[in-house]
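The structure appears right after this line, and notes come after that.
The values are calculated or read from the model by the stated rules, or taken from the named source; none is laboratory data. Remember, it's a predicted structure, so these values are computed and weren't measured experimentally. All accessible areas refer to the heavy atoms of the entire protein, side chains included, with ligands and DNA or RNA removed. Shrake-Rupley method; radii C 1.70, N 1.55, O 1.52, S 1.80 Å.
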Amino acid sequence: MESYEQTKLLLFQRKELKSVVINVSDPAGARFTKREIAGELLTYGRDPSADVYPLSNRLTDRGTDADHRDPKGEVAFVQRCGVVSMLKI
């Protein structure tokens, strides 16, 4: 697994990247953020230490509703029958 992690890290270090999005809920992703990364770093995860994180998730008979926080504010995601829509709150 260490070999896989090192190979994945190389993807985030490619000099032509302008931005990188990393899941910090994954232990490997959290380690990646402490390494040299090409481009602007944006993190996502399950808690407020990430740049993008969930505020709420609701499963309804029509699909899934979820609210997330990102650096620009709150965003509502609505998934109906496999289609995802984003609504700025």
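Okay, here's what the table says:
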| quantity | calculated |
| --- | --- |
| Per residue solvent-accessible surface (Å²) - the chain, probe of 1.4 Å | 73 Å² |
| Anchor Lys18: aspartates and glutamates whose Cα lies under 15 Å away (excluding residues fewer than 8 positions away in-chain) | Glu36, Glu40 |
| Distance from the stretch 11-38 to the stretch 43-58 (C-alpha centre basis), Å | 17 Å |
| Shape box of the chain [Cα atoms, principal axes, largest first, Å] | 43, 29, 23 |
| Percent accessible area from carbon and sulfur atoms, the chain, protein chains only, probe 1.4 Å | 55 percent |
| The chain: angle of helix 2-12 to the longest principal axis, Cα-based, in degrees nearest 10 | 80 degrees |
